[in-house]
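Have a look at the structure below before the remarks.
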Amino acid sequence: MHINKEKLQFVFDAKAKTFAYTLMGIGLVSIIAMFIVDGQHHAEHYHLNRAWANVFSGAFFFTALSLGAAFFLGMQYAAEAGWATTIKRVIEATSLYLPYGLSILFLLFILGQLHIHHIYHWMAEGIADPSSPNYDPVIAGKIGYFGWFWWLRTILYIVLWTWFTLQLRKNSLEADKYELGGDNHAYHWKNVKLGAWFMVVFAVTSSTSAWDWIMSIDTHWYSTLFGWYTFSGLWISAISFMTLLIIWLRKNGYLEFVTESTIHDMGKWMFAISFLWTYMYFSQFMLIWYADIPEEVTYFQIRWESYKSLMWFVLFINFAFPMVLLMSRDSKRNFNFLAFVGTIVFIGHYLDVIMMVMPGTVGKHWTGISWMEVGTFLFYLGLFIFVVLKNLEKAPLLVRNHPFLEESLHLHT
Amino acid sequence: MLKKNKIHVIFGDEEPLMNAVLELRKAGIRIKDAFTPFPVHGLDAAMGIPRTRIAIASFLFGITGTSLATLMMWYMMIYDWPNDIGGKPNWAYYYNMPAFIPITFESTVFCAAHLMVLTYLLSSWLLPGVPPKNPDPRTTDDKFMLYLELTDEQSKLAEDIAKKNGAEEVNYKGEIYIEPKY
């Protein structure tokens with residue numbers, strides 16, 4: 001197979017840089033404006049809730065997205081899958097936003113503990129103290145799981161995930177140093193082992209981190225399925241982002257060695273994981289709906305009362321849309337169309353994160369999606385694109401020493 | 001009367017098979033059939049076989065499953081004997097929709113999957129008691145075979161191309177006579 005050597009190195013050109021900077025600029029202005037406008041909102045127990053919830057949603061969504069890419073990469077290694085070898089550098093670059101995203105999230109957690117924002121109800125002072133006016137008996141019963149134990153887990157997730165992601169990348173770059181066609185795959189097998197261990201770690205931490213970081217916003221409520229629901233959401237966001245990135249790179253003359261079948265496979269993933277997400281979402285909803293236990297239905301009550309249109313909209317564009325549009329083979333092979341569906345699904349899952357965070361923080365003060373949500377999203381999107389493309393530039397777009405490289409270059413389904 | 005030779009071309013691996021198929025097709029030779037021990041990716045496209053329509057059939061079977069499940073549940077739970085289960089009276093189908101979704105889903109998958117397998121078996125006539133159509137049992141183990149029906153001059157060309165691409169054997173298995181249609 002002929003490979004154009006000049007297009008193996010991605011160049012983060014001025015046009016793309018301007019685009020990322022513009023997004024960040026617009027976003028930053030709207031975030032500042034959002035804090036000013038939201039500061040005018042005076043209600044009891046309301047202090048810039050919407051502004052902080054937006055900042056948190058964006059930080060979480062893109063961190064989770066890169067975590068989804070890291071998981072996807074680890075999974076390909078653990079399964080010793082060959083099909084994704086040609087797009088491995090794209091997956092790696094997407095996963096390398098993780099340290100930045102986790103830093104932003106960690107900063108937000110510290111601000112919460114300093115009582116600058118009130119995203120987490122259980123962080124409030126005297127919440128477990130019967131003599132305090134803030135006392136909440138339900139949270140007092142769960143406080144052992146929060147506090148220092150929560151912080152220990154949070155630090156553990158951050159350290160473990162970052163270590164695995166950076167290590168997978170490091171071995172991948174080390175393997176590139178050998179001559180082409182060599183038989184030295186030691187670094188690859190190291191990554192296989194690493195990927196398998198990452199799957200074990202991720203299986204536990206993906207659920208518990210979703211409980212800790214997102215579910216604990218609605219501190220009174222709990223659902224064991226919530227972890228998988230969040231996980232399927234971050235997975236599909238990662239898949240759709242990577243598909244968009246691959247299609248964009250191909251339009252710019254890169255990644256010509258990626259076969260149409262590989263992108264078709266990404267389309268299949270998008271279709272399948274959309275179903276997984278719907279399955280999780282609906283399973284959680286139906287059990288709560290059927291059992292009708294007061295302490296469980298509160299979660300959907302607030303969503304049904306104040307977020308009804310958004311709730312239906314999220315379900316519609318994340319389920320019906322990909323199901324109908326991506327069912328046929330031809331639609332997955334038409335890359336403009338695939339990019340269109342990918343964009344819709346990507347935005348749909350950002351709205352899903354909004355649906356997770358807002359009802360527990362803004363609550364009844366919600367007025368619908370506005371420029372605040374859009375602006376915050378654009379800021380994080382610009383930052384994310386910048387970091388991902390910067391990392392894409394640091395290594396050639398095609399891996400050199402990978403035992404399945406030849407298979408992937410000839411992928412045919 | 002047109003005389004054609006029945007030819008079995010045997011290969012030891014999938015790669016020579018694929019190369020031979022591509023070159024034979026380029027030379028204008030029609031490949032009647034191929035027998036392989038495992039599915040060879042891309043072989044159907046290389047042989048010029050039109051894409052299967054089983055996906056469309058599967059979609060229709062799925063819709064059938066959805067409709068059947070809806071009809072069944074509507075008849076049982078709404079029309080014939082409405083029940084009050086957990087304080088959720090079944091006065092209308094949409095009212096209890098979430099409870100019906102798992103059954104709708106399962107029925108859709110059940111019908112699509114089972115009927116698709118049956119369709120495949122019927123359309124390729126692989127049924128219990130049907131004599132095997134495989135002309136060379138070695139293709140169920142480690143050999144790959146192309147089956148050709150060619151005139152004498154085409155046979156010579158095909159044999160050359162096959163041998164060049166690493167065919168292990170080229171066996172002539174008799175002749176057939178085709179009555180011209182016009």
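Read-outs throughout are calculated quantities, based only on the coordinates presented, and are distinct from any laboratory measurement. These numbers were taken from a predicted model, which means no experiment stands behind them. Neighbour counts run over all protein chains shown; Cβ positions are idealised from the backbone, glycine included.
Here are the numbers:
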{"read-out": "Rg(Cα) / (2.2 N^0.38 Å) computed for chain B, rounded to two decimals", "value": "1.62"}
{"read-out": "A:W151 versus A:Q9: modelled label distance in nm, points set 7 Å from Cα along the beta carbon direction", "value": "4.7 nm"}
{"read-out": "FRET efficiency estimate (nearest 0.05) - Cβ-Cβ, A:H264 to A:S103, R0 45 angstrom", "value": "0.80"}
{"read-out": "Hz values of 3J(HN,Hα) by residue in region A:209-214 - Karplus curve (6.51, -1.76, 1.60), Gly and Pro given as x", "value": "5, 5, 5, 5, 8, 10"}
{"read-out": "Furthest towards positive pole of dipole, A:H2, A:L73, A:I236, structure part chain A, Cβ charges", "value": "A:H2"}
{"read-out": "Too-long pairs where the Cα-Cα distance tops 22 Å, listed order kept, from A:K88/A:K390; A:K190/A:K268; A:K5/A:K190; A:K142/A:K364; B:K133/B:K156; A:K5/A:K251", "value": "A:K190/A:K268; A:K5/A:K190; A:K142/A:K364; B:K133/B:K156"}
{"read-out": "Chain B, relative contact order in percent, only Cα pairs under 8 angstrom and at least six apart counted", "value": "57 percent"}
{"read-out": "Rounded if a/c under 1.5, otherwise prolate or oblate - region A:1-148, Cα gyration tensor axes", "value": "oblate"}
{"read-out": "Average Cα contact separation per residue, chain A, under 8 Å, 6 or more apart, as relative contact order %", "value": "34 percent"}
{"read-out": "If the convex hull is drawn through the Cα atoms of region B:54-123, its volume per residue in Å³", "value": "79 Å³"}
{"read-out": "Residue-span extension gain [A:W312 to A:F275] - 0.36 nm each, minus C-alpha spacing", "value": "11.7 nm"}
{"read-out": "Cα long-axis angle, helix A:335-361 against chain A (0 to 90 degrees, to the nearest 10)", "value": "20 degrees"}
{"read-out": "Relative exposure of A:R400, A:R303, B:R30, judged by other C-beta atoms within 10 Å (fewest first)", "value": "B:R30, A:R400, A:R303"}
{"read-out": "Separation in nanometres of the label points that stand 7 Å from Cα toward Cβ, at A:V37 and B:Y93", "value": "4.4 nm"}
{"read-out": "Per-residue average of Cβ from other chains inside 10 Å of A:323-333", "value": "1"}
{"read-out": "Low-density loop cleavage sites - trypsin sites (Lys or Arg not before Pro) in region A:188-267, where at most 16 other Cβ are within 10 Å (DSSP)", "value": "none"}
{"read-out": "Order of B:T139, A:T243 under a 10 Å beta carbon neighbour criterion, fewest first", "value": "B:T139, A:T243"}
{"read-out": "Radius, Kirkwood style, for region B:99-182 when every pair of distinct Cα atoms is counted (Å)", "value": "17.6 Å"}
{"read-out": "Rounded, prolate or oblate (a/c below 1.5 giving rounded, otherwise prolate when a/b exceeds b/c) for chain A by Cα gyration tensor", "value": "prolate"}
{"read-out": "In degrees, nearest ten, helix B:97-123 long axis to first principal axis of chain B (Cα)", "value": "20 degrees"}
{"read-out": "At most 10 other Cβ within 10 Å, DSSP loop - trypsin sites (Lys or Arg not before Pro), region B:61-148", "value": "B:K133"}
{"read-out": "Unit charges at the beta carbon, dipole of region A:5-409: most positive-side option, A:T85, A:L338, A:G363", "value": "A:T85"}
{"read-out": "Approximate spin-label separation A:A291-A:R250, in nm, with each point projected 7 Å along Cα-to-Cβ", "value": "4.5 nm"}
{"read-out": "Geometric extent, Cα atoms of region B:1-100 - Rg, Dmax (angstrom)", "value": "26.9, 80"}
{"read-out": "Given charges at Cβ of Lys, Arg, Asp, Glu: chain A dipole, positive-most of A:H188, A:S223, A:S328", "value": "A:H188"}
{"read-out": "Computed lengthening from A:K364 to A:V29, 0.36 nm per intervening residue step minus Cα-Cα distance", "value": "118.0 nm"}
{"read-out": "Low-density loop positions, GluC sites (Glu not before Pro), region A:115-212 - DSSP coil, at most 14 other Cβ in 10 Å", "value": "A:E125, A:E179"}
{"read-out": "Within 10 Å of each Cβ in B:91-98, the average number of Cβ atoms from other chains", "value": "1"}
{"read-out": "Value of [θ]222 nm, deg cm²/dmol, for the protein assembly as shown, DSSP H segments ≥ 4, -39500 (n - 2.57) each, nearest 500", "value": "-20500 deg cm²/dmol"}
{"read-out": "Cα-centre dipole for the protein assembly as shown with unit charges at Cβ (Lys and Arg positive, Asp and Glu negative), debye to 20", "value": "1160 debye"}
